Amino acid sequence: MNQFKKIISLSFRDYSHEWRMSGCFVLALASVLAPMMILFGLKFGIVSSMITGLIENPGNREIRSVGSGSYEQAWFDKYAGRKEVAFIIPKTRSLAATIQLKSKNAGRIYSTELFATAEKDPLLEALKVKPEGFYQVILSDSIANKLNVQKGERIDGSLVRQFRGKRERVHIDLQVLDVAPANVISRSVAFVSLELLLATESFKDGRAVTELNWSGNINDKEVRDYPSFRMYARSIRNVENLVNELEQDGINVKANIAEIKTVQSIDQNLSIIFWIIACVGAVGFSFSLGASLWANVDRKRKELSILRLVGFQGGKIILFPVLQSMYTGLLGWLLAVLIYLIAEQTINQLLAPNLEIEQVICYLLPQHFFWALGLTMFVAATAAILGGIRASRIEPSDGLRDI
Amino acid sequence: MSVIYSLKNVVKSRVVDGAGFSLVVPSVEIKAQENVALVGHSGCGKSTLLDMMALALHPDSADEFSLTPDPEEIYDVDTLWKKKKQNVLAKIRKQHIGYVLQQGGLLPYLTVRENIELPRKLMNMPDDDSTRSIARVMGIHRQLDKLPGLLSAGERQRVAFTRALSHRPSILLADEPTASLDPITARKIMAVVMELVKGLKITMITASHDWAHVYKMDLRSLHQEAEVIDNGNVYQSTFRD
């Protein structure tokens, strides 16, 4: 125990006495480690989120039905329950799914496509609200601009039909809950509840909608079916299987399979490139650190021999270079973290104005720093233990005399 | 006086590039408190023999290699080496042996005082005045707080002697301790060391290539004979009583 404590203090005294040499080791370590951390910061920051954005882009996950079919509620329930399906909702006939929108801020009336929406709609993921009932709507950015309205304002929606030879028009007072960003949907679309979409179709087909006091034919025994649907896979990896499955059921669908393949291969290639760089970097880092610490043990042979001559036991002598390597590892890591943090701040602040969305370009989590420390300490200790075992095996007399 | 070192047919060989060197000690006994000189020219194996006596180098073979630093403690050094009892050897070195090298051997990052006290600290010996008094006798009491790098070669050797004596070993080994010093300084230092060794009742074994010097100090000397054997391939050096 006494020898153990003594070795700790001696190794530290020697390390600080030789501060120039120690400083060089620390600098050498930091100059290899810091760029690797920056590389990983970029990989973890901008590259990951760009790839995730491409992979999870709703446009790439969408499966569109082609032509007109007939799907019952049970069919929708079956697909909604599947874990590969993120979202599915019925569509009505496209002619029935239009509404005329008018705002007091714009001179024209715009005929706009209606989309039913609900919880978990990938197109409205960024928004916190969902339209419910008959009087709420979320507008796409494009139509909101044309109508010159903003979140919270009210607009007038109207529907027209030819019923029993007469032209009829009904109005609904709609509240704009929010505006969907242009990067999610570029077309002019009004998102409403399924209820309102179905009410619209009923009205156009000449049926009555009692909730809205719209008159027409009453046919309450009707079982509803839908001609079409809007479906999103959980991930682009599920798209191809779902498409195959639907086509086996005789349903004609379309998806961006070619684009998905491109995105997947970009993701794969970038990952391969990063891992190659990371592996080469880690191996290079290990060798450069290992070599300098191994050389340090050789340089210390005479001193280690003297310590053994004075009576330190061989096993404890190993601690001397190992502890010194630990000091180098810890200080080098600290310096690398400092360099990395400065680089991270600089990169993020310099490039932040060029980004559209709020996004960090270079970023590491706290545990990444500890992984770097762990790797550094492991390599440092291994190299020093290997060198130290060699030093402790030679006889004390071998290192005593200078050549 | 009891016998402290007893060596019989101790052999240590080194072969480098086919040219060999062989050290042979047929029979040597050193008694407690004796002052012995190993005399011979450079390269004759003095340091090798001294390293073996310091338990820092293992003999190739030995009929006997015993160390009796204390009448109650008898160590069969050859067997300890063969059984790889490194820690026992380290403990004997720590307790009983002080070793002074031709030069260097001080730890550059410790002050003179810390260098001197290191062997005492390792043995958990209490701080007392003895180190200070040895330092005073050796003439280095004013340098105690300096680093060795700031001292002259002579001062460093004085510190090395003080460190070798600080933990009161029973044996002091010195390998050409004054070879790198000028003759006047060398003589002064050795005179002080001889006095200390006598006062502390220590066995001293010194290696030296300086015949005249040794005779003046009135030491018992082990003489070295050299011969070339094995068709001129091996240089054999023999130390005799």
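Looking at B:Asp78 and the list (1) more than 18 Å from B:Gln236 (Cβ to Cβ); (2) crowded, with 22+ Cβ neighbours inside 10 Å, which single condition is not satisfied?
The single condition B:Asp78 does not satisfy is (2).
Scan region A:222-242 residue by residue and report those that are surrounded by fewer than 18 Cβ atoms within 10 Å (Cβ to Cβ) and either assigned to a helix (DSSP H, G or I) or out of contact with any Ser or Thr (no Cβ under 9 Å at 6 or more places or on another chain) (or both).
A:Glu222, A:Val223, A:Arg224, A:Arg234, A:Ser235, A:Arg237, A:Glu240, A:Asn241 - these are the residues of region A:222-242 that are surrounded by fewer than 18 Cβ atoms within 10 Å (Cβ to Cβ) and either assigned to a helix (DSSP H, G or I) or out of contact with any Ser or Thr (no Cβ under 9 Å at 6 or more places or on another chain) (or both).
Could you please find all residues in region B:39-50 being in contact (Cβ under 8 Å) with a residue 24 or more places away in the chain and either within 14 Å of chain A (Cβ to nearest Cβ) or surrounded by 15 or more Cβ atoms within 10 Å (Cβ to Cβ) (or both)?
B:Val39, B:Gly40, B:Ser42, B:Cys44, B:Gly45, B:Lys46, B:Ser47, B:Thr48, B:Leu49, B:Leu50
Can you go through B:Tyr99, B:Tyr109 and tell me which one is among the hydroxyl-bearing types (Ser, Thr, Tyr), within 9 Å of another protein chain (Cβ to nearest Cβ) and touching a strand residue (DSSP E or B) at 6+ places or on another chain (Cβ under 7 Å)?
B:Tyr99 is the lone residue from the list that is among the hydroxyl-bearing types (Ser, Thr, Tyr), within 9 Å of another protein chain (Cβ to nearest Cβ) and touching a strand residue (DSSP E or B) at 6+ places or on another chain (Cβ under 7 Å).
Of the residues that make up region A:82-93, is at least one polar (S, T, N, Q) and in a helix (DSSP H, G or I)?
no
Which residues, counting only those in region B:13-36, are under 19 Å from the mean Cα position of the chain (by Cα) and farther than 21 Å from B:Thr68 by Cβ?
B:Leu23, B:Val24
When region B:46-71 is examined, which residues are found to be assigned to a strand (DSSP E or B) and of a type in the set (A, V, I, L, M, F, W, C)?
Within region B:46-71, B:Phe65, B:Leu67 meet the criteria.
Hey, which of the helices (runs of 4 or more DSSP H) in region A:244-347, taking only ones fully inside, have at least 2 residues that are within 14 Å of chain B (Cβ to nearest Cβ)?
The helices (runs of 4 or more DSSP H) meeting that bar are A:301-310, A:314-317.
Check region B:76-98 and report whether any residue there is more than 21 Å from A:Gly311 (Cβ to Cβ), of a type in the set (Gly, Ala, Ser) and in contact with a Gly (Cβ under 8 Å, 6 or more places away or on another chain).
No: region B:76-98 contains no residue that is more than 21 Å from A:Gly311 (Cβ to Cβ), of a type in the set (Gly, Ala, Ser) and in contact with a Gly (Cβ under 8 Å, 6 or more places away or on another chain).
Within region B:95-105, how many residues turn out to be without any contact (Cβ under 8 Å) to a residue 60 or more places away in the chain and surrounded by fewer than 23 Cβ atoms within 10 Å (Cβ to Cβ)?
The total comes to 1.
Could you say which residue among B:Ser170, B:Ser130, B:Ser180 is in contact (Cβ under 8 Å) with a residue 60 or more places away in the chain and more than 27 Å from A:His17 (Cβ to Cβ)?
Of B:Ser170, B:Ser130, B:Ser180, the one residue that is in contact (Cβ under 8 Å) with a residue 60 or more places away in the chain and more than 27 Å from A:His17 (Cβ to Cβ) is B:Ser170.
Have a look at A:Val160, A:Val223 and point out the one that is touching a residue at least 12 places away in the same chain (Cβ under 8 Å), over 27 Å from A:Gln73 (Cβ atoms) and of a type outside the set (Asp, Glu).
Every option except A:Val160 fails the conditions.
What number of residues within region B:51-75 are under 24 Å from B:Glu227 (Cα atoms), hydrophobic (A, V, I, L, M, F, W, C) and within 14 Å of chain A (Cβ to nearest Cβ)?
The qualifying residues number 3.
Can you give me the number of residues within region A:113-139 that are in contact with a Leu (Cβ under 9 Å, 6 or more places away or on another chain) and either more than 25 Å from A:Ala80 (Cα to Cα) or assigned to a strand (DSSP E or B) (or both)?
9
Table: residues versus (1) at pLDDT below 90; (2) over 19 Å from A:Ile99 (Cβ atoms); (3) of a type outside the set (Asp, Glu); (4) surrounded by 15 or more Cβ atoms within 10 Å (Cβ to Cβ).
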position	(1), (2), (3), (4)
A:Val179	no, no, yes, yes
A:Arg187	yes, no, yes, no
A:Phe191	no, no, yes, yes
A:Leu194	no, no, yes, yes
A:Leu197	no, no, yes, yes
A:Ser202	yes, no, yes, yes
A:Ala208	yes, no, yes, yes
A:Asn217	yes, yes, yes, no
A:Asp220	yes, yes, no, no
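Looking only at region A:138-157, count every residue that is under 30 Å from A:Ile55 (Cβ atoms), touching a residue at least 40 places away in the same chain (Cβ under 8 Å) and buried (at least 21 other Cβ atoms within 10 Å of the Cβ) and tell me the total.
Adding up the residues that qualify gives 4.
Just need a number here: residues in region A:1-54 that are at the interface with chain B (Cβ under 10 Å from one of its Cβ atoms), of a type in the set (Gly, Ala, Ser) and crowded, with 20+ Cβ neighbours inside 10 Å.
The qualifying residues number 1.
Got a sec? Which of A:Ile99, A:Ile38 is over 27 Å from A:Ile138 (Cβ atoms), of a type in the set (Val, Ile, Thr) and either outside any helix (DSSP H, G or I) or touching a Phe, Trp or Tyr at 6+ places or on another chain (Cβ under 8 Å) (or both)?
Just a single option satisfies the conditions, and that option is A:Ile38.
Check A:Ala336, A:Ala278 and return the single one that is over 30 Å from A:Gly59 (Cβ atoms) and crowded, with 22+ Cβ neighbours inside 10 Å.
A:Ala336
What is the one condition in (1) assigned to a loop (DSSP other than H, G, I, E, B); (2) within 14 Å of chain A (Cβ to nearest Cβ); (3) among the basic types (Lys, Arg) that B:Arg142 does not satisfy?
(2)
For region B:149-175, what are the residues that are out of contact with any helix residue (DSSP H, G or I) (no Cβ under 6 Å at 6 or more places or on another chain) and surrounded by fewer than 21 Cβ atoms within 10 Å (Cβ to Cβ)?
B:Gly149, B:Leu150, B:Leu151, B:Ser152, B:Ala153, B:Glu155, B:Arg168
The values are calculated or read from the model by the stated rules, or taken from the named source; none is laboratory data. Bear in mind that the values here come from a model prediction, so they are computed numbers and not experimental data. Here Cβ is always computed from backbone atoms with ideal geometry, including for glycine, and neighbour counts include all displayed protein chains.
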